[in-house]
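The structure appears right after this line, and notes come after that.
The values are calculated or read from the model by the stated rules, or taken from the named source; none is laboratory data. Computed from a predicted model, the values in this text were never measured in an experiment. Quick reminder, even Gly has a Cβ in these numbers, built from the backbone with ideal geometry, and neighbours come from all protein chains shown.
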Amino acid sequence: MFLIWCQQLEAQNAELHGLASEVKVDLVENILPFWSGKMIDTQNGGFYGRMDVNNRLYEEAEKGGILNARILWTFSSAFRVLKDSSYLNTATYSFKYILDKFIDWENGGTYRSVTAKGLPSDTRKQTYSQAFFIYALSEYYLATGDKDALEEAENIFYCLEKYCFDVENNGYFEVYSRDWKKSDDLLIGEKSIDDQKTMNTHLHLLEAYTNLYRAWPDKIVSGRLKNIISLFLEKIIDAETGHLIVFMDERWVPNSAVHSYGHDIEASWLLQEATEVLGDKRIISKVGKKVIPIVIAAMEGLQPDGSIVSEKDVENGHVNTNRDWWPQAETVVGLVNAFELTGDTVYLKKAIRCWDYIDKNLVDHQEGEWFNSVSSSGEINKRGDKAGFWKCPYHNGRMCLEIIRRQATFATTFTSFRRSKKASVAESIGRQAQ
């Protein structure tokens, strides 16, 4: 029985190693070189704001805060995992630009965008965008120990808690003016001003506060992180379907009937990660009961070719069959996480199949990075961006880094398990011989 068990684990490790090897090549030879080699604005500083799917560079495009924060996170994390100093150099370049151009030193928080020359452009304070700066700055601190980065992450955290937190009904509102006056502007797909609470923003606050707690394990952060996890368990996860509720009103009454498969699968592993970082056994147990049901719900969007479609409108049955880049990346991580939790190789095989689809259809092997999306027949979206306000190296870069890290952990655990079992068997045989 021991030999059979070892053989199964060895086969799983080999499959996971193969996946990790392939995504590492994509990361270090394709994704990261694209951003450090083609997107750095040597004239005005920072990174260019846009390149379209035909690789046309828009040098005068605005520079989005979400894009720049995600770039900082990606290169900081790449340095932490791969220990390549060139990634640290790019991260530091990004950090200095953010500190110089995106921080609102007068009112606190960060701008939503700056001009190509680095002047404030969209000065609104979007909670979603602020979350990514916390995520990125805390990651840079973890990579470097730079206290200025952690201080700014803390400052943004305090701004969100002071201005954006809904004291009466819990959760966080979406958009504010430069001086933190609440606005009803719709910025992330809301259909009306009644969409006061969004799953999307709370999901990225979850990952931001998780990373902030890694860097700054303070009780105030752990308390707010626990609260966000509770909001997912009690308000955002549909107990009947396992899907996430996309839009809700001020009192958390659902306003949408959309299943967003990419967000579902992304939430499954981010919730798991948050509980592990907190280390609270009670919360780990609660979340652990939800992770696989969320994965199963998300898998409704999986297609025979290994990809996942974007979303489904439950009210009219319409399915958006585009294969957008980011849900594919999150599907790979979410399925590998499900495999790790259950030991069920089916999840691992589906993750590998999704990566194969990505490699064949979304990776631009000639010009670098990934295409924004392809149709159900594999036709590239000609109106999509290769790089832009939302298109960045975060989802795909993070997928690669997560798989590399998880495979290394799996291999170490497997080796330790095999050695301990062999020692135990040898000891048993020795006792029998005596």
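A Cβ distance below 6 Å, combined with a sequence gap of six or more or placement on separate chains, defines the contacts here; from region 71-82, residues that are touching a residue at least 60 places away in the same chain (Cβ under 8 Å) reach residues that are of a type in the set (Asp, Glu) in the pairs Trp73/Glu139; Ser76/Glu139; Ser77/Glu139. Of all residues in region 279-295, those that are touching a residue at least 40 places away in the same chain (Cβ under 8 Å) and within 13 Å of Ile237 (Cα to Cα) total 8. Taken across region 66-76, residues that are charged (D, E, K, R) and more than 18 Å from Leu142 (Cβ to Cβ) do not occur at all.
Has region 120-137 got any residue that is in a loop (DSSP other than H, G, I, E, B), farther than 26 Å from Asn396 by Cα, of a type in the set (Val, Ile, Thr) and in contact (Cβ under 8 Å) with a residue 12 or more places away in the chain? Yes, there is a match, as at least one residue in region 120-137 is in a loop (DSSP other than H, G, I, E, B), farther than 26 Å from Asn396 by Cα, of a type in the set (Val, Ile, Thr) and in contact (Cβ under 8 Å) with a residue 12 or more places away in the chain. Can you name the residue in region 36-81 that is in a helix (DSSP H, G or I) and among the hydroxyl-bearing types (Ser, Thr, Tyr) and is also farthest from Leu150 (Cα to Cα) among such residues? Applying the filter and picking the extreme gives Ser36. Scanning region 226-239 for residues that are among the aliphatic types (A, V, I, L, M) and either surrounded by 15 or more Cβ atoms within 10 Å (Cβ to Cβ) or within 29 Å of Leu137 (Cα to Cα) (or both) returns Ile228, Ile229, Leu231, Leu233, Ile236, Ile237.
Could you count how many residues in region 139-153 are farther than 15 Å from Thr210 by Cα and either touching a His at 6+ places or on another chain (Cβ under 6 Å) or in contact (Cβ under 8 Å) with a residue 12 or more places away in the chain (or both)? Of the residues in region 139-153, 6 are farther than 15 Å from Thr210 by Cα and either touching a His at 6+ places or on another chain (Cβ under 6 Å) or in contact (Cβ under 8 Å) with a residue 12 or more places away in the chain (or both). Among the residues making up region 5-42, those that are touching a strand residue (DSSP E or B) at 6+ places or on another chain (Cβ under 9 Å) and in contact (Cβ under 8 Å) with a residue 60 or more places away in the chain are Asp26, Asn30, Ile31, Phe34, Trp35, Lys38, Met39, Asp41.
Of the residues Ser373, Ser377, the single one that is crowded, with 21+ Cβ neighbours inside 10 Å and either touching a residue at least 12 places away in the same chain (Cβ under 8 Å) or not aliphatic (A, V, I, L, M) (or both) is Ser373.
Looking for something at pLDDT 95 or above and under 22 Å from the mean Cα position of the chain (by Cα) - is there at least one such residue anywhere in region 96-108? For region 96-108, residues at pLDDT 95 or above and under 22 Å from the mean Cα position of the chain (by Cα): present. Looking across region 135-161, the residues that are under 30 Å from Val253 (Cα atoms) and surrounded by fewer than 16 Cβ atoms within 10 Å (Cβ to Cβ) come down to Tyr158, Glu161.
Just give me the residues in region 162-177 being part of a loop (DSSP other than H, G, I, E, B) and farther than 12 Å from Met248 by Cβ, in sequence order. Hits for region 162-177 are Val167, Glu168, Ser177. Among the residues of region 114-134, the ones that are touching a helix residue (DSSP H, G or I) at 6+ places or on another chain (Cβ under 6 Å) and surrounded by 24 or more Cβ atoms within 10 Å (Cβ to Cβ) come to 8 in all. Consider only pairs whose beta carbons are under 7 Å apart and that are at least six residues apart or on different chains; among these, list those whose first residue lies in region 154-183 and is touching a residue at least 40 places away in the same chain (Cβ under 8 Å) and whose second residue is basic (Lys, Arg) and assigned to a loop (DSSP other than H, G, I, E, B). Listed pairs, sorted by first residue: Asn169/Arg251; Val175/Arg124; Tyr176/Arg124; Ser177/Arg124; Arg178/Arg124; Ser183/Arg124.
Looking across Gly223, Gly242, one residue alone is free of Cβ contacts under 8 Å to residues at least 12 places away in the same chain, surrounded by fewer than 22 Cβ atoms within 10 Å (Cβ to Cβ) and small (Gly, Ala, Ser). It is Gly223.
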